[in-house]
Number of protein chains: 2
Amino acid sequence: MKKTTMRKYARLLARKGVNVQKGQEVFITAELDQPEFVRMLTEECYRAGAARVVVDWSDSTLTRLHIRHRSLKVLSELTSYELEKWKYQADKLPCRIYLVSEDPDALAGVDVRKLAQSQQAKMKVIKPIRDTMENRYQWCIAAVPGEAWAKKLFPNLTRRAATERLWEAILRGARADGEDPMAAWDAHNEALAKRCEYLNGLGIRELHYTASNGTDLRVGLMEGSVFMAGGEYTEQGVYYNPNIPSEEAFTTPKRGCAEGIVYASMPLSYNGQLIENFSVRFEGGRATEVKAEKGEEVLSEMIAMDEGAAYLGEVALVPYDSPIRESGILFYNTLFDENAACHLALGRGFTGCLRDYGKYTQEQIAEMGVNDSIIHVDFMIGTSDLTVTALCQDGREVPIFKNGTWA
Amino acid sequence: MKKTTMRKYARLLARKGVNVQKGQEVFITAELDQPEFVRMLTEECYRAGAARVVVDWSDSTLTRLHIRHRSLKVLSELTSYELEKWKYQADKLPCRIYLVSEDPDALAGVDVRKLAQSQQAKMKVIKPIRDTMENRYQWCIAAVPGEAWAKKLFPNLTRRAATERLWEAILRGARADGEDPMAAWDAHNEALAKRCEYLNGLGIRELHYTASNGTDLRVGLMEGSVFMAGGEYTEQGVYYNPNIPSEEAFTTPKRGCAEGIVYASMPLSYNGQLIENFSVRFEGGRATEVKAEKGEEVLSEMIAMDEGAAYLGEVALVPYDSPIRESGILFYNTLFDENAACHLALGRGFTGCLRDYGKYTQEQIAEMGVNDSIIHVDFMIGTSDLTVTALCQDGREVPIFKNGTWA
């Protein structure tokens with residue numbers, strides 16, 4: 001990829017993604033795939049005023065080795081210095097940038113149960129710390145191409161050509177391939193805000209999903225919740241974009257109110273493992289049955305991660321004309337695929353989707369129906385014949401989606 | 001490089017380098033240059049019985065950015081979680097493997113004073129912790145090729161060919177290019193032990209270095225010290241090889257006893273910056289004057305790092321027939337160049353070179369003449385016409401080196 005284009009993308013992530021504030025710290029998590037881009041991003045964060053930028057490199061192959069060779073006890077341990085790093089972040093509230101690039105199937109074949117148990121144990125320690133940070137720091141997930149990921153998408157190209165092709169797809173999907181990506185994001189956020197305004201004006205009580213694949217699901221919404229999209233504000237009032245790309249309008253559903261069955265329309269990469277052709281049945285809001293042609297064990301472990309992992313934490317509507325859907329590419333990566341199709345998420349809901357969430361205690365928020373969990377995993381349900389109908393508080397039925405796109 | 005050859009090298013580092021003990025932890029520090037080798041090394045450490053292997057990736061380009069953009073205050077800070085990581089290691093005493101591969105001149109042009117000040121500040125916190133670990137854990141420095149380093153050595157080759165050529169040179173120098181590197185190291189350690197036995201039998205009081213380049217230096221040794229070479233034992237009795245390669249017989253000189261001038265015979269890469277064509281004058285053991293055609297400021301900052309940085313901490317004799325000298329390659333990397341030429345080091349001495357060092361307190365060790373400092377930097381003085389003469393305790397004068405090789 002051309003260096004000037006990469007540089008613009010790096011600046012977009014630093015200025016519009018996390019919107020680094022002068023004197024703030026920045027933590028970047030990245031695989032080893034694109035060190036040159038990580039260096040550019042680091043420099044752009046410093047230029048935006050960061051006092052300290054820290055890069056945490058990770059590597060899926062090493063993760064595989066750790067899962068295999070560490071005992072469950074060791075794998076489950078959060079070391080004292082890892083814990084201290086979480087506390088440091090809870091104290092400093094740095095920006096966090098997550099660069100994803102890994103093979104969607106990088107951890108295929110690992111001991112699923114061992115991995116899940118170790119994550120449960122570690123999250124028990126991390127979650128309370130991370131909870132204190134919620135809505136109080138800027139974060140952004142964005143993608144760069146990794147070779148293995150690129151070859152999965154474009155198996156007939158050389159590694160080099162596949163990687164270049166994936167760069168192009170990522171930048172186009174992220175609206176970062178034009179002359180002025182920052183201006184493009186300003187315009188994009190304005191359009192998304194209008195969409196939310198319309199949806200929030202309807203006073204939706206329930207969404208009803210149907211499709212020819214068998215999907216027939218009703219999901220309840222809370223009265224106090226709103227649809228959000230694109231940029232958000234931290235409690236301190238800093239505007240940032242947590243996902244680049246982001247094409248969805250999403251909200252947090254009412255816990256306990258989901259009835260029926262839903263069929264996934266795309267594979268899901270969770271914990272470095274692919275789950276394909278799967279369905280989830282909900283009763284009283286809870287996922288009571290999952291089936292999958294591939295990765296059923298992974299899916300079962302996922303919804304058993306904790307009590308809230310089997311409840312919904314997000315419903316999201318994605319317009320048909322998103323650049324990602326138009327690319328026609330199946331990315332095998334949630335950040336992209338979720339922006340090409342309507343989706344739901346299992347696990348933690350977004351307190352930020354409550355009007356005036358700052359006024360409520362954690363207990364009140366839970367009572368209102370915002371789900372809590374250590375996981376939050378999106379899965380795609382949008383098909384070309386998906387129908388979504390809104391049942392409104394005033395009794396109206398409003399078609400939202402018809403034949404997979406806005407009605 | 002062939003995977004089977006790399007695998008043997010990885011095993012050598014895990015088993016003979018740090019000699020991982022069952023249930024021990026291992027910390028690996030590596031640049032981003034050879035991720036595939038780092039993965040092999042991690043796997044070999046697990047196979048040798050490691051309970052946990054942790055890889056800390058570093059990147060010189062990021063380091064440059066940090067030095068440039070962080071304030072002196074931020075650059076000088078050891079964060080709470082970095083401090084905790086040191087404490088964790090002091091507690092767990094893991095093996096530490098340092099894989100070097102960086103461009104010898106990677107940090108050329110950075111603010112030398114700022115870098116030195118920040119290191120002094122951080123070492124003030126780290127050193128007391130690290131001191132408690134001395135002689136109590138296994139560590140090993142070894143090399144893998146980095147592209148920038150390879151291109152510096154072989155500028156006329158393509159990056160790929162230069163890297164391959166450097167792999168070959170590293171493995172040959174490390175005695176890791178044969179059928180059975182582990183057996184080769186056993187034999188090598190035996191030969192080195194014999195050399196030490198001979199040297200220690202002489203009862204050397206002082207070494208006198210002369211060469212046609214103007215070198216004329218006398219360095220005093222302590223009565224209680226011995227020459228060491230190759231493998232060492234931790235206090236717990238684990239045998240390990242701290243340097244791969246290692247061709248030297250070295251000891252720790254008597255602080256305060258160095259008179260004369262010495263001319264470096266090779267460039268020195270210190271803190272990612274090259275110092276070339278330099279000399280050091282010693283009076284009463286202290287470096288009182290340094291001159292360098294290139295990097296004089298870096299050298300001056302170096303000997304001013306603390307009070308002990310201007311005193312000698314090592315004298316080392318290197319035989320003429322080492323595979324590294326025979327390669328004829330100037331590596332611009334101390335790990336290799338120090339094993340192709342007699343050298344000295346400024347800074348911290350080795351308490352391990354004292355007979356029965358465990359019997360003495362830190363104060364007694366200092367009184368006996370072992371230098372202490374936050375730095376320990378080797379520099380090469382061996383030329384083809386170097387003469388080293390030993391003045392022994394019984395008054396004999398024994399020629400050690402003549403015309404650059406063993407007399």
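The values are calculated or read from the model by the stated rules, or taken from the named source; none is laboratory data. Note that the structure is predicted; figures quoted are calculated from it, not measured. Cβ coordinates were reconstructed from backbone atoms using ideal geometry, including for glycine residues, and neighbour counts include every protein chain displayed. In case anyone asks, the SASA skips ligands and DNA or RNA and just uses the protein heavy atoms, side chains included. Shrake-Rupley method; radii C 1.70, N 1.55, O 1.52, S 1.80 Å.
Please list A:199-208, B:23-32 highest first by mean number of surrounding beta-carbon atoms within 10 Å per residue.
Values: A:199-208: 17.6, B:23-32: 20.9.
Result, highest mean Cβ count within 10 Å first: B:23-32, A:199-208.
Just want the answer: with Cβ charges of +1 for Lys and Arg and -1 for Asp and Glu, which residue in A:HIS66, A:GLN89, A:VAL20 is farthest toward the dipole's positive end in the range A:1-118?
Going by the charge dipole, the pick is A:VAL20.
How big is the accessible area of A:LYS151 in square angstrom, nearest 10, if you roll a 1.4 angstrom probe over the protein chains?
For A:LYS151, solvent-accessible area is about 70 Å².
So what J values fall out for the range A:208-223 if you push phi through Karplus, 6.51 cos²θ - 1.76 cosθ + 1.60 with θ = phi - 60°, rounded to Hz, Gly and Pro as x?
With coefficients 6.51, -1.76 and 1.60, one gets 10, 9, 9, 7, 6, 6, x, 4, 8, 9, 10, 10, x, 10, 8, 5 Hz.
Once the Cα gyration tensor of the range B:14-113 is diagonalised, what are the square roots of 5 times its eigenvalues, in whole Å and ordered largest first, as equivalent ellipsoid semi-axes? Numbers along the way, then the final one.
Details: eigenvalues 167, 65, 18 Å².
For the range B:14-113, the semi-axes come out at 29, 18, 9 Å.
Is the shape of chain A rounded, prolate or oblate, going by the alpha carbon gyration tensor and its root eigenvalues a ≥ b ≥ c, with a/c under 1.5 for rounded and a/b larger than b/c for prolate?
Working: a/c = 1.26, a/b = 1.19, b/c = 1.06.
Rounded, because the longest to shortest axis ratio a/c is under 1.5.
Counting each pair of different Cα atoms once, what's the Kirkwood radius of the range B:150-269 in Å, rounded to one decimal?
The Cα-based Kirkwood calculation yields 17.5 Å.
Counting only residues 5 or more places away or on other chains, whose amide H sits under 5 Å from the amide H of B:CYS257 once H atoms are built in the peptide plane?
Sorted by chain and number, the residues that satisfy this are B:GLY220.
I'd like the interface area for chains B and A: accessible area of each alone minus the complex, both sides summed, 1.4 Å probe, protein heavy atoms only. What is it in Å² to the nearest 100?
Heavy-atom accessible area buried at this interface is about 3000 Å².
For the range B:266-407, state what percent of all Cα-Cα pairs lands in each successive 10 Å bin, counting from 0 Å until the bin that includes the largest distance.
It works out to 11, 35, 37, 16, 1, in whole percents.
Quick one: dipole size for the range A:3-173, taken about the Cα centre, charges +1 on Lys/Arg Cβ and -1 on Asp/Glu Cβ, in debye to the nearest 20.
That gives a dipole near 260 debye.
Out of all DSSP beta bridges with both ends in the protein assembly as shown, state the antiparallel percent to the nearest 5.
Of all bridge pairs located within the protein assembly as shown, approximately 75 percent are antiparallel.
I'd like the mean, over residues of B:42-52, of how many other protein chain beta carbons sit within 10 Å of each residue's own Cβ.
Whole-number average of other-chain Cβ neighbours for B:42-52 is 3.
Report, largest value first, the span of the C-alpha coordinates of the range A:84-128 along each principal axis, in whole Å.
38, 26, 13
Treat every Asp and Glu Cβ in the protein assembly as shown as -1 and every Lys and Arg Cβ as +1, leave all other atoms uncharged, and give the resulting dipole magnitude about the Cα centre to the nearest 20 debye.
Computed charge dipole of the protein assembly as shown: roughly 40 debye.
Percent of alpha carbon pairs in the range B:3-173 separated by more than 21 Å?
Summing the P(r) tail past 21 Å for the range B:3-173 gives 56 percent.
In whole Å, what is the distance between the alpha-carbon centres of the range A:142-198 and the range B:361-377?
Here the answer is 58 Å between Cα centres.
Just how large is the dipole of chain B about the Cα centre, in debye to the nearest 20, putting +1 at every Lys and Arg Cβ and -1 at every Asp and Glu Cβ?
Computed charge dipole of chain B: roughly 980 debye.
Quick one: which residues, 5+ away or cross-chain, put their amide H under 5 Å from the amide H of B:LYS294? H built at 1.01 Å from N.
So B:LYS294 has HN proximity to B:GLU276.
How much accessible area per residue does the range A:58-116 have, counting only protein heavy atoms and a probe of 1.4 Å, in square angstrom?
Accessible area per residue, the range A:58-116: 41 Å².
So what does the Cα-only Debye profile of the range B:105-173 read at q = 0.17, 0.22, 0.24 Å⁻¹, as log10 I(q)/I(0), no solvent term?
Taking Cα atoms of the range B:105-173 as identical point scatterers yields -0.84, -0.89, -0.93.
Could you tell me the convex hull volume per residue, in Å³, taken over the Cα atoms of the range A:288-366?
That works out to 128 Å³ per residue.
How much of B:CYS140 can a 1.4 Å solvent probe reach, expressed as accessible area in Å² and rounded to 10?
0
Taking amide H positions as placed in the peptide plane 1.01 Å from N, state which residues far from B:VAL54 in sequence (5 or more) or on other chains have amide H under 5 Å from it.
Those qualifying (amide H under 5 Å, at least 5 residues apart or on another chain) are B:VAL26, B:PHE27, B:ILE28.
Alpha carbons only, please: Rg and Dmax for the range A:212-342, in angstrom.
15.5, 46
Pick out, from B:LEU192, B:GLY109, B:PRO145, the residue whose Cα sits farthest towards the positive end of the charge dipole of the range B:90-192, with +1 on the Cβ of Lys and Arg and -1 on the Cβ of Asp and Glu.
It is B:GLY109, whose Cα lies furthest towards the positive end.
Rounded to the nearest percent, how much of the accessible area of the range A:3-173 (1.4 Å probe, protein heavy atoms only) is carbon and sulfur?
Values: 3330 of 6910 Å².
Carbon with sulfur: 48 percent of the solvent-accessible area.
What does the convex hull of the Cα atoms of the protein assembly as shown come to per residue, in Å³, rounded to a whole number? Write down the numbers at each step before the final one.
Details: hull volume 129.5 nm³, N = 814.
In the protein assembly as shown, the Cα hull volume divided by residue count equals 159 Å³.
Tell me what the protein assembly as shown gives for mean residue ellipticity at 222 nm when only DSSP H runs of n ≥ 4 count, each as -39,500 (n - 2.57), the sum divided by the residue total, rounded to 500 deg cm²/dmol.
Computed mean residue ellipticity for the protein assembly as shown: -10500 deg cm²/dmol.
Could you please put B:GLU276, A:GLU235, A:GLU367 in sequence from largest to smallest accessible area, using a 1.4 Å probe?
The ordering from most to least exposed comes out as A:GLU367, A:GLU235, B:GLU276.
Around B:TYR98, with a cut-off of 13 angstrom between Cβ atoms, what is the net charge of the other residues, counting Lys and Arg +1 and Asp and Glu -1?
-2
Express the relative contact order of chain B as a whole percentage, based on alpha carbon pairs under 8 Å and six or more residues apart in sequence.
Here the relative contact order equals 15 percent.
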